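Input: a single structure, listed below in structure tokens.
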Amino acid sequence: MTARLALLAAAVLVGAAACGGPDGADQPVRSGAPAGDAAPTGTLTIFAAASLSDVFARLGAELEEQNPELDVRFNFAGSSALAAQLEQGAPTDVFASADEDQMTRVVDAGLAPEAELFASNRLVLAFPPDDPAGIDRSDSAGIPSLADLLDRDVTLAVCAPEVPCGAAAAEVLDRTGLSDVPDTYEDDVRAVLTKVQLGEVDAGLVYRTDVSSAGDAVGARAFREAEAARNRYPVAVLDDAPNPDAARAFVDLLLSDEGRQVLTEAGFFEP
Amino acid sequence: MSRSREGAGIPPPLLVPAALGVAFLVLPLVGLLVRTPWSSLGRQLTAPGVGEALRLSIVSASLATLLSLLLGVPLAWVLARSRIRGRSVLRALVTVPLVLPPVVGGVALFLVLGRQGIVGSWLDEAFGVTIPFTTTAVVLAETFVAMPFLVVSVEGALRAADARFEDVAATLGADRWTTFRRVTLPLVAPGVAAGAVLCWARALGEFGATITFAGNFPGTTQTMPLAVYLALQRDPEAAIVLSLVLLAVSLATLLLLRDRWLGRAQG
């Protein structure tokens, strides 16, 4: 247990140190580039929801491989924080949000034309591997209600209602009459996951895809109410994109069969 | 020296960078004032949760300062006056929170005081006490981050204080504890006060360790900086108003305290 905690602490340290680094910027440049006409070059800046980190890093590396002259940079954070940064005029090519509200905010501010939906996600109830509150009982057949999983006194972490995963969590908790159960409203979904991994909470509402990326570090149960509260991911090329060709190329890749496959592998659903 | 009383004679090589420094520190505050939505100020201020977050911030920062005084002043004395081995290593260790990213500090607190932590798991088993996600956790997170400011400040004052007063007290028969209480402490009182203010101010603005270790729950662990951060994601105007409130309260407190000390020092 202690070793696991120490590992996690180390991971957080490394993560904190890596924050703000230009992800994927040091992709090796290949010689013998595919001679597409007007292959995108320069720098492509993408603002994307934190829950898209793994998938977008893969697609970004793929795009860089196809276009050796291109440098893809990411800013992964909570969608609401990203929308606020865009409103303040951050120069960006592509914005991908974890829900439609934050994209609407950007579109309404006149920063982007209409957005395209490319994926959706669902909440699951994550718990530490030793499951101290007994969330994962084998006796519940089929997909249980969240109320059945949380029918005892548990310490629960959810996202704050200001961010997309919190909006979905609030809807689910409302629907099940469990609004007064959470003990902490975290600023993004990774913070909820960290507290579950550390075993400091009995359970946390996180995205299904976060559990896939955490591997064995957490367990999870799906619940019935998640489907109705699922969040859809829109993507848009911004009006003032400094590199619109590259932006379009990335969105095309995201919407292609290949992009869909990467999303599905990571646990995302069709929009 | 009469020269120090003339005041106005600031040498230009100091004046220009000093003025730039003032501009750099003060202009962002002016920016906040300019962007403040004065028309909706009343509505924003009376929004639910604002008073609660402010009260929690002030109470927890004050408790953190009190705890820092209780632990930090003796620690500063040990660092400045004692002859124990490895003092410089000890000094480096206790100032680590100054350079540690507070979020990492929050995780470190989990590893010790969390439900699975070294001390925390024992507290949980023996007394059924869990610290994370409580106001106690807020106070501890703030103390962890803010106490080094007090320690550094008090240690500096102790080093600058004239040790001969303490020697004289000793020759007059005072034991070391009495000397500390009756001679040393009054001697370094301004340094302790300055350290306490610095500590309080740092605790009031604490964000990273608090949101990590104590979580975010209105009324229990949601201090003003947390409320500001979350408001910023949805409604930047509300965040500006909340920041102004925090700014006004801390400025008022600092000015008030300063007047009291100056009054005492002159009287």
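One residue alone among A:160, A:133 is modelled with pLDDT under 95, out of contact with any helix residue (DSSP H, G or I) (no Cβ under 7 Å at 6 or more places or on another chain) and surrounded by 14 or more Cβ atoms within 10 Å (Cβ to Cβ), and that residue is A:133.
Table: residues versus (1) surrounded by fewer than 21 Cβ atoms within 10 Å (Cβ to Cβ); (2) at the interface with chain A (Cβ under 10 Å from one of its Cβ atoms); (3) on the phi > 0 side of the Ramachandran plot.
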{"position": "B:109", "(1), (2), (3)": "no, no, no"}
{"position": "B:130", "(1), (2), (3)": "yes, yes, no"}
{"position": "B:152", "(1), (2), (3)": "yes, no, no"}
{"position": "B:156", "(1), (2), (3)": "yes, no, no"}
{"position": "B:159", "(1), (2), (3)": "yes, no, no"}
{"position": "B:172", "(1), (2), (3)": "yes, no, no"}
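For the range A:119-130, the criterion of a residue being surrounded by fewer than 24 Cβ atoms within 10 Å (Cβ to Cβ), without any contact (Cβ under 8 Å) to a residue 24 or more places away in the chain and not β-branched (Val, Ile, Thr) is satisfied by no position. Here residue B:203 meets the list (1) within 12 Å of another protein chain (Cβ to nearest Cβ); (2) closer than 15 Å to residue B:61 by Cβ almost entirely, failing just condition (1). Cβ-Cβ distances below 8 Å connect the following pairs, each with a first residue in the range B:207-221 that is in contact (Cβ under 8 Å) with a residue 24 or more places away in the chain and at the interface with chain A (Cβ under 9 Å from one of its Cβ atoms), a second residue that is aliphatic (A, V, I, L, M) and part of a loop (DSSP other than H, G, I, E, B), and a separation of six or more residues or different chains: B:221/B:214.
Is it the case that some residue within the range A:114-127 is closer than 20 Å to residue A:207 by Cα and over 18 Å from the mean Cα position of the chain (by Cα)? Scanning the range A:114-127, I find at least one residue that is closer than 20 Å to residue A:207 by Cα and over 18 Å from the mean Cα position of the chain (by Cα), so the answer is yes. For the condition among the aliphatic types (A, V, I, L, M) and within 14 Å of chain A (Cβ to nearest Cβ), residue B:232 qualifies. Would you say residue A:129 is within 14 Å of chain B (Cβ to nearest Cβ), at negative phi and not charged (D, E, K, R)? Taking the combined requirement at face value, the residue satisfies it. May I ask you to list the residues in the range A:180-207 that are among the polar types (S, T, N, Q) and either more than 8 Å from chain B (Cβ to nearest Cβ) or outside any strand (DSSP E or B) (or both)? Within the range A:180-207, A:194, A:197 meet the criteria.
Of everything listed in (1) in a loop (DSSP other than H, G, I, E, B); (2) within 15 Å of the chain's Cα centre (by Cα), the single unmet condition for residue A:234 is (1). Applying the criterion of at least 2 residues that are among the charged types (D, E, K, R) and modelled with pLDDT of 90 or more to the strands (runs of 3 or more DSSP E) found wholly in the range A:41-125 leaves A:70-77. Scanning the range A:143-179 for residues that are of a type in the set (A, V, I, L, M), in contact (Cβ under 8 Å) with a residue 60 or more places away in the chain, part of a loop (DSSP other than H, G, I, E, B) and under 30 Å from residue A:82 (Cβ atoms) yields a single hit, A:163. Would a scan of the range B:189-204 turn up a residue that is more than 30 Å from residue A:192 (Cα to Cα), free of Cβ contacts under 8 Å to residues at least 24 places away in the same chain and part of a helix (DSSP H, G or I)? Yes, the range B:189-204 contains a residue that is more than 30 Å from residue A:192 (Cα to Cα), free of Cβ contacts under 8 Å to residues at least 24 places away in the same chain and part of a helix (DSSP H, G or I). Take the conditions touching a helix residue (DSSP H, G or I) at 6+ places or on another chain (Cβ under 9 Å), closer than 30 Å to residue B:166 by Cβ and part of a helix (DSSP H, G or I) and apply them to residue B:76. Does it pass? For residue B:76, the condition - touching a helix residue (DSSP H, G or I) at 6+ places or on another chain (Cβ under 9 Å), closer than 30 Å to residue B:166 by Cβ and part of a helix (DSSP H, G or I) - is met. If you scan the range B:222-237, which residues turn out to be part of a helix (DSSP H, G or I), buried (at least 21 other Cβ atoms within 10 Å of the Cβ) and in contact (Cβ under 8 Å) with a residue 40 or more places away in the chain? Of everything in the range B:222-237, those that are part of a helix (DSSP H, G or I), buried (at least 21 other Cβ atoms within 10 Å of the Cβ) and in contact (Cβ under 8 Å) with a residue 40 or more places away in the chain turn out to be B:224, B:226, B:227. Restrict the check to the range B:177-186 and report whether at least one residue is closer than 29 Å to residue B:41 by Cα and either of a type in the set (Gly, Ala, Ser) or away from chain A (no Cβ under 14 Å) (or both). So far as the range B:177-186 goes, no, none of its residues is closer than 29 Å to residue B:41 by Cα and either of a type in the set (Gly, Ala, Ser) or away from chain A (no Cβ under 14 Å) (or both).
The values are calculated or read from the model by the stated rules, or taken from the named source; none is laboratory data. Source: prediction; values computed, not measured. Please note: Cβ atoms are built from the backbone with ideal geometry, for glycine as well, and neighbour counts cover all protein chains shown.
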